[in-house]
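Student: The structure's right below; bear with me while I get my questions together.
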Amino acid sequence: MFRKILFGLLIIIAAPKHLNGQTPVYPRKEIVKLTDKADAFLLDLKFKESLFYSREALKQAITINDSYLIATAYNTIAGNYDELSEVDKAVHNYKKALYYANKTDNDSLKGWVNNNLGNIYLFEKKDYSTGVFYYQRALEYAGKVKDTSNLYLTNLNLSWGNFDIGNYENAAQHFQFLTDNHERYSSPETEVIYNMLKGMVNAHNKNYQEAEKYFKTAISTAHEVGEPLDLAYSSREYAKLLLELGDYKNAYKYMNDYHTLVNEVYDQSKLKKADVEGVHLELDEYKRALERIEAEKEIQGLSLRRSQIITILSIVGACVLLILLYTLYVNNNFKKKINRELRQTNEELKRARDKAEEASRLKTQFVSTISHELRTPLYGVVGITNMILDEHKELAESTHLNSLKFSAKYLLALVNDILQINKIEENRLALEMLTFNLADEIITIKDSLQFIAIRNNNKLTAHIDPEIPEYIIGDKLRLSQIFMNLVSNALKFTKNGEVMIMARLERVEGKFHHIKFMVKDNGIGIAKDDQEKVFDKFVQIERKNDDYQGTGLGLSIVKRLVTLFNSEIHLESKENDGTTFTFTIAFEVDEEKTREIINDIEVDLSAGHVFSILVVEDNKINQIVTKKILESNNFTCRMVDDGYAAIELTRTADFDVILMDINMPGLNGFETTRKIRDNGIHTPIIALTAFGKEEVAEEAMSSGMNEIIVKPFEPHQLFRVINQHISKEKDAD
């Protein structure tokens, strides 16, 4: 009985002192007295009296429209039905109590009613999930008002209910709360159930001696406090333990006690009395509600007769409003659907973008790492080959040595091609605007490729329009790369023929001169079906076993570089009749910049003067190559293997230039440069690195470096940069 009615009684204790409704017809304190009497009679199992007073309390509470008291009255009525095993009627009235409780701001009241619903669903209807739902709500409300007593009682019921259905894991979880708070919040009534549950816990854990002790304590306490239902339940659980222990005689005795006690409590005469007293319990509420509706209808009828036109217009307006609302509803649903689809699409695009960016990052990292690892040994191979040729002139015609040099340069060109195509695809390549002589550049390219022309017995010629200005502004390096790829390809696929380089001024628009370029050969040509594929990466057309055709990257790089110049490249070819590539680029012409270039010719400061160079390099082979290059051109140099040695040496010795490797163990070139600058040393520091210039430029400049040279490099390039920075230092002094 404890678990069924205790919460119904305690809600009066937690009742708020304020009113919630209209001016009372009955004094509120009188209605509270009625509910107190109804609960007292219910506690004594005097259902007739309890139902009478709860009905009166309900009627008067409805009159003053007090949601709290209405909920209290319904809760007591439901308690009567609960005790009389009228489960459906009890649920109906508990839910009415919860409806009115939810209209108040009293969380304690909401907690008690939810707990009562949890009791009836879990213990009577055996609907575990619904019972737990209401219990959880009860725990939430108890937590809001910090009602630990309510938390204790709800956890008590959850423990008992979980044991009833065999869910021992959940039962143990809630029982732990009881153990932690037992001494503070227990009562004589809860003591019975608590000891019974302790007995059930120990019985489940096979602690039979402890279990028997707690069951006997529960039965003894139930006798003392006079709780017949709790005594019955404790007897039943003890009987189960005795049956498991094989004590069939005593098991039968306690199970018989259980049935006797239950039959005494739930005597059939109580149900008959409930039928007599409870049939018309809700008539007062319905009657009063009906009277209100009838009165409102009479007033509304009088009003309608006086204002029919207004009513008709209101109906029409309402219809229009409904149509508008429906339209808005449909549009809103459509908008939500579209938004959901857009969000989904955006999420998919975002995931795809992230994957693409990650793939691009990994590709860039891979290409950078591979190129660095290849360039470092290539610097040594190319440098030592040049050293051998310089020191042993008799080997200049050696096919083996020339093959070695050619292979190293080819491998370097391959690395540069891969890096070039990668930078273009990632939009990391920008054109430089420098003043240069177009005729000189084309002649230089022609001369540098003569060895290929001679090998295939070809004639290589250049025709430059004299109308083209002497100096133009643009990126001569990228233009040279275009010609180097196109002309070398033409020479490779032409034998005993002719390759022509032509440049013709097409038109002038303001300062911009549009120059049309052409590379033409009379070689083997390209089949029509293959012409669209030649600009793709790694494509090689008509490759023969004895034919060297490269990596298939050259024309792909050409096409992308021409695009950087905001132009297009066109191909005309016929098999066995030759191939012609044409493209047009607009170059700016500026006379002031031309004069500046002519007047700003660098002077070679190394002539007649010995400069001291510090080389910071951890690779021994690279040390030998760099030292040989410097000393053969009137420089003195000191070598150190790491950054720490460089820092110490610069404290005691002066140098005109420092050549700094970047990728060194321990202290890299950037950190070494920063520490040298922190020591107040302003000597020009030039980075010698196998990394791409764009990859390290930002950090190099921020660390205090003055210039970057990528290995392998041509010696004249190194000397030009050294002279330039020595000149700047002298001008600054």
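Conditions (1) under 25 Å from V32 (Cα atoms); (2) of a type in the set (A, V, I, L, M, F, W, C); (3) under 45 Å from the mean Cα position of the chain (by Cα), marked per residue:
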{"site": "E56", "(1), (2), (3)": "yes, no, no"}
{"site": "K59", "(1), (2), (3)": "yes, no, no"}
{"site": "L69", "(1), (2), (3)": "yes, yes, no"}
{"site": "A73", "(1), (2), (3)": "yes, yes, no"}
{"site": "A78", "(1), (2), (3)": "yes, yes, no"}
{"site": "N102", "(1), (2), (3)": "yes, no, yes"}
{"site": "K110", "(1), (2), (3)": "yes, no, yes"}
{"site": "Y134", "(1), (2), (3)": "no, no, yes"}
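Student: Under 7 Å between Cβ atoms, at least 6 apart or on separate chains: pull out the pairs that start in the range 88-115 with a residue that is modelled with pLDDT under 90 and end on any residue that is open to solvent by 30 Å² or more (accessible area, probe 1.4 Å) and of a type in the set (V, I, T).
Tutor: Every condition considered, the pairs that remain are D107/V145; S108/V145.
Student: Sticking with this one: Please verify whether the range 158-173 includes one or more residues that are among the charged types (D, E, K, R), under 21 Å from P228 (Cα atoms) and open to solvent by 40 Å² or more (accessible area, probe 1.4 Å).
Tutor: Within the range 158-173, one or more residues are among the charged types (D, E, K, R), under 21 Å from P228 (Cα atoms) and open to solvent by 40 Å² or more (accessible area, probe 1.4 Å).
Student: Restricting attention to the range 214-234, which residues are surrounded by fewer than 20 Cβ atoms within 10 Å (Cβ to Cβ) and small (G, A, S)?
Tutor: S220, G226, listed by residue number.
Student: While we're looking at this one, here's another question. Of the residues that sit in the range 220-241 and are part of a helix (DSSP H, G or I) and free of Cβ contacts under 8 Å to residues at least 24 places away in the same chain, which one is nearest to the chain's Cα centre (by Cα)?
Tutor: This residue is R236.
Student: Within the range 644-689, track down each residue that is within 13 Å of V616 (Cβ to Cβ), open to solvent by 30 Å² or more (accessible area, probe 1.4 Å) and not in a loop (DSSP other than H, G, I, E, B).
Tutor: Within the range 644-689, Y644, A645, E648, E671, K675 meet the criteria.
Student: Among residues belonging to the range 125-152 that are open to solvent by 30 Å² or more (accessible area, probe 1.4 Å) and polar (S, T, N, Q), point out the one that is modelled with the highest pLDDT.
Tutor: T130
Student: Only one of E237, E277 is in contact with a helix residue (DSSP H, G or I) (Cβ under 7 Å, 6 or more places away or on another chain) and modelled with pLDDT of 80 or more; which?
Tutor: Of E237, E277, the one residue that is in contact with a helix residue (DSSP H, G or I) (Cβ under 7 Å, 6 or more places away or on another chain) and modelled with pLDDT of 80 or more is E237.
Student: A follow-up question, please. Kindly indicate which of I686, I708, I722 is touching a Ser or Thr at 6+ places or on another chain (Cβ under 7 Å), of a type outside the set (F, W, Y) and at pLDDT 85 or above.
Tutor: I708
Student: What pairs come up if the first residue lies in the range 30-52 and is more than 21 Å from E86 (Cα to Cα), the second is aromatic (F, W, Y), and their beta carbons are under 7 Å apart, counting only those six or more places apart or on different chains?
Tutor: Cβ pairs passing all conditions: L34/Y53; K37/Y53.
The values are calculated or read from the model by the stated rules, or taken from the named source; none is laboratory data. In this text the structure is predicted, and so the values were computed from the model without any measurement. Note that we place each Cβ from the backbone using ideal geometry, even for glycine, and neighbour counts take in every protein chain shown. Heads up: the accessible areas ignore ligands, DNA and RNA and are worked out on the full protein's heavy atoms, side chains in. Shrake-Rupley method; radii C 1.70, N 1.55, O 1.52, S 1.80 Å.
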